[in-house]
1. For segment 13-39, name all the residues that are part of a helix (DSSP H, G or I) and modelled with pLDDT of 75 or more.
2. Looking only at segment 67-74, decide whether some residue is in a loop (DSSP other than H, G, I, E, B) and basic (Lys, Arg).
3. Does Val42 meet the test of being part of a helix (DSSP H, G or I), more than 30 Å from Trp106 (Cβ to Cβ) and at pLDDT 70 or above?
4. Which residue pairs have Cβ atoms closer than 6 Å, lie 6 or more positions apart in sequence or on different chains, and pair a first residue in segment 77-99 that is over 21 Å from Gly36 (Cβ atoms) with a second residue that is outside any helix (DSSP H, G or I)?
5. Quick one: is Ser87 modelled with pLDDT of 70 or more and among the small types (Gly, Ala, Ser)?
6. If I ask for residues that are in a helix (DSSP H, G or I) and under 9 Å from the mean Cα position of the chain (by Cα), which ones from segment 119-131 would you list?
7. Are any residues in segment 99-118 over 15 Å from Ile48 (Cα atoms) and in a helix (DSSP H, G or I), and if so, which ones?
8. Looking at (1) out of contact with any helix residue (DSSP H, G or I) (no Cβ under 7 Å at 6 or more places or on another chain); (2) among the small types (Gly, Ala, Ser); (3) more than 26 Å from Val15 (Cα to Cα); (4) modelled with pLDDT of 80 or more, find the lone condition where Ala68 falls short.
Amino acid sequence: MALKYTLAVLKLVIVLLWPISVSAAVVTGTIDPFVGITGMHVLVLSIISTLSGLTALTIRIDSELKKAENATLPRPALFVSSHMLGSWLAGVLAVAVSQQSDFGVWAQISVVIVASFTGAKFVEKMSEFYIGKITKE
């Protein structure tokens, strides 16, 4: 019972930290990479990010089921939600990087597709790149 309570509290804290961290990023950022993004832009890139993430998820599930002896995924809801949240986070990061780099529409779509497909790996590589730039200065 205590483990379930602890897990529920941890989930709540994590959910509450997301808006705070995003708000802090917006307040501390000097250049807003999201200026000029329309509702249609958000809708199209969200659909593209979702489709790319679902494609990667399908490939990953297929791979996991081929490896599994009992042909079931452990905790499928967690497996799917963590994968898709990683894809969407990578998609948002890709939009920010693309906007800040003044990419054209097709380049931005391409970056979002690749980022959402690779998910957490994209976020990790971008973090290493930008943190490396900051620490070298």
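1. Within segment 13-39, the first condition is being part of a helix (DSSP H, G or I), and the residues that meet it are 13-28, 39.
The one that is part of a helix (DSSP H, G or I) and modelled with pLDDT of 75 or more: Gly39.
2. Going residue by residue through segment 67-74, those that are in a loop (DSSP other than H, G, I, E, B) are 68-74.
If we keep only those that are basic (Lys, Arg) too, we end up with none.
No, that holds for no residue.
3. Numbers: part of a helix (DSSP H, G or I): yes; more than 30 Å from Trp106 (Cβ to Cβ): no; at pLDDT 70 or above: yes.
The answer is no for Val42.
4. From residues that are over 21 Å from Gly36 (Cβ atoms), the pairs are Phe79/Leu73; Gly86/Gly119; Ser87/Gly119; Ala90/Gly119.
5. On the way: modelled with pLDDT of 70 or more: yes; among the small types (Gly, Ala, Ser): yes.
So Ser87 fits the description; yes.
6. Initial filter on segment 119-131 (in a helix (DSSP H, G or I)): 120-131.
Scanning segment 119-131 gives Ala120, Phe122, Val123.
7. To start, the set of residues in segment 99-118 that are over 15 Å from Ile48 (Cα atoms) comprises 99-104.
Matches in segment 99-118: Gln99, Gln100.
8. (4)
The values are calculated or read from the model by the stated rules, or taken from the named source; none is laboratory data. Everything numeric here is computed off the predicted structure, so don't read it as measured data. Heads up, the Cβs are rebuilt from the backbone with ideal geometry, glycines too, and the neighbour counts pull from every protein chain shown.
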